[in-house]
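Taken together, the values in this text are just the output of simple stated rules run on the coordinates, not laboratory data. No experiment lies behind these values; they were computed from the predicted model shown. Neighbour counts run over all protein chains shown; Cβ positions are idealised from the backbone, glycine included.
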Amino acid sequence: MLGESAVWRPDKPTPTSDQVLADPRYALYLVGWPRQGDYGLVAEQDGPVGAAWYRTFTEASHGYGFVGEDVPELAIAVIASRRHEGIGRRLLIDLIDASVGQGYPALSLSVAEQNPARGLYESVGFVSVEKQGSSWTMVRHAARSN
Ligand SMILES: CC(C)(COP(=O)(O)OP(=O)(O)OC[C@H]1O[C@@H](n2cnc3c(N)ncnc32)[C@H](O)[C@@H]1OP(=O)(O)O)[C@@H](O)C(=O)NCCC(=O)NCCS
């Protein structure tokens, strides 16, 4: 799922677990799981079809979507053959609910500017706050009403 989350362009091959875990840009979202505060959901139907998870980072060690030590950053993927069925939206909504339940003030993420998933994130309340290279950092505050 980390490999699936790393590549959004349908024409690009999904990296293997070993490849993605060898790349520190991606490994930091999963290495040492579960750390305190880590939370994730897996969608299953005859095996895993999608996953969404979050973890907090520090000023000293974080990825692109970092906005603060008290704001977890999420990662999400649905296997290519099961996209556009609503699985990602459901995972996102349940993950947001979990973060609110755990008392986090917000969630953040990093998404490539061209990735159509931006529309999905906006539809559940994320707003773009900062552009880093060709990616947007998006944040969803827990206090919003939807
Ligand atoms: C992003 C992702 C998790 C969404 O999961 P999903 O199960 O397909 O999402 P849903 O079916 O709930 O919602 C789909 C909506 O997301 C948006 N969307 C996301 N990816 C899209 C794509 N490649 N093309 C078109 N729309 C896309 C659209 O608004 C779409 O609505 P539609 O199906 O009515 O057109 C999935 O597309 C994925 O794994 N993509 C590859 C990895 C990735 O980009 N991860 C996020 C990195 S920030």
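So here's what we get for this one:
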| item | result |
| --- | --- |
| Value of [θ]222 nm, deg cm²/dmol, for the chain, DSSP H segments ≥ 4, -39500 (n - 2.57) each, nearest 500 | -6500 deg cm²/dmol |
| For q = 0.21 Å⁻¹, Debye-computed log10 I/I(0) when each Cα of the range 1-76 counts as one equal scatterer | -1.02 |
| Length-normalised contact order of the range 24-146 in % [C-alpha pairs under 8 Å, at least 6 apart] | 20 percent |
| Cα Rg, Dmax, the chain, angstrom units | 14.2, 40 |
| At R0 = 35 Å, FRET efficiency that the Cβ-Cβ distance of ARG83 and ALA143 yields, to 0.05 | 0.70 |
